[in-house]
Amino acid sequence: MVTGLLLASGLWAQMTVPATPKRMVTRSGNNMGGVSITSSDVAGDQKVRYTTHLVLSDARQWTSTDGKTLQAKLIAFEDIVVETPKGAAQPPAPTPPPTLTVIRAGKIRLVSNQKVFELALERLSRGDRDFVELVSTSRTKTAPPP
């Protein structure tokens, strides 16, 4: 039974985000016309985005209704995103929100091989749907009052 929130520090993802968007400039010197895209990135203006996925279960074998399997972890729909300047130290693990969404619009979120995707509950085997319901109800019971 899942009664607590697990934060998986190994699921931090880094992505460099330019501080300013790329700009379009007119080409010169040819008769083709058109535009080209140049980057206006300056090394000091780049940021690193850290995304924390809130893990709700250990990795387990998920089975679809057509018999396909996948090894993945169940994660909440809420993510914690922190941006820091490039080269700065990794920020400490943030505090998770008080309530987490396990099921949204009939779907769940899974993470496998550091890739996040949504899967419709109706595509899961009966046992997996029961597991998701168990996690969802245990999250409701253990959530602190507002």
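This table checks each residue for (1) surrounded by 15 or more Cβ atoms within 10 Å (Cβ to Cβ); (2) over 25 Å from Thr51 (Cα atoms); (3) of a type in the set (Ser, Thr, Tyr); (4) in contact (Cβ under 8 Å) with a residue 40 or more places away in the chain.
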residue: Leu74; (1), (2), (3), (4): yes, no, no, yes
residue: Val82; (1), (2), (3), (4): yes, no, no, no
residue: Gln90; (1), (2), (3), (4): no, no, no, yes
residue: Pro98; (1), (2), (3), (4): no, no, no, yes
residue: Gly106; (1), (2), (3), (4): no, no, no, no
residue: Asp130; (1), (2), (3), (4): no, yes, no, no
residue: Leu134; (1), (2), (3), (4): no, yes, no, yes
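Within region 46-61, being loosely packed, with under 13 Cβ neighbours inside 10 Å and either in a loop (DSSP other than H, G, I, E, B) or modelled with pLDDT under 90 (or both) holds for one residue alone: Asp58. Taking region 108-128 as the range and being surrounded by fewer than 13 Cβ atoms within 10 Å (Cβ to Cβ), under 20 Å from Thr52 (Cα atoms) and without any contact (Cβ under 8 Å) to a residue 40 or more places away in the chain as the test, the residues that pass are Asn113, Lys115, Phe117, Glu118. Of all residues in region 62-72, which are surrounded by 11 or more Cβ atoms within 10 Å (Cβ to Cβ) and outside any loop (DSSP other than H, G, I, E, B)? Residues satisfying the conditions are Trp62, Thr63, Ser64, Leu70, Gln71, Ala72. Only residues that are out of contact with any Lys or Arg (no Cβ under 9 Å at 6 or more places or on another chain), under 30 Å from Trp62 (Cα atoms) and among the hydrophobic types (A, V, I, L, M, F, W, C): list them for region 75-91, please. Result: Ile80, single match.
The values are calculated or read from the model by the stated rules, or taken from the named source; none is laboratory data. This one's a predicted model, so the numbers in the text were calculated from it and none came from an experiment. Note: ideal-geometry Cβ built from the backbone for every residue, glycine included; neighbour counts use all protein chains shown.
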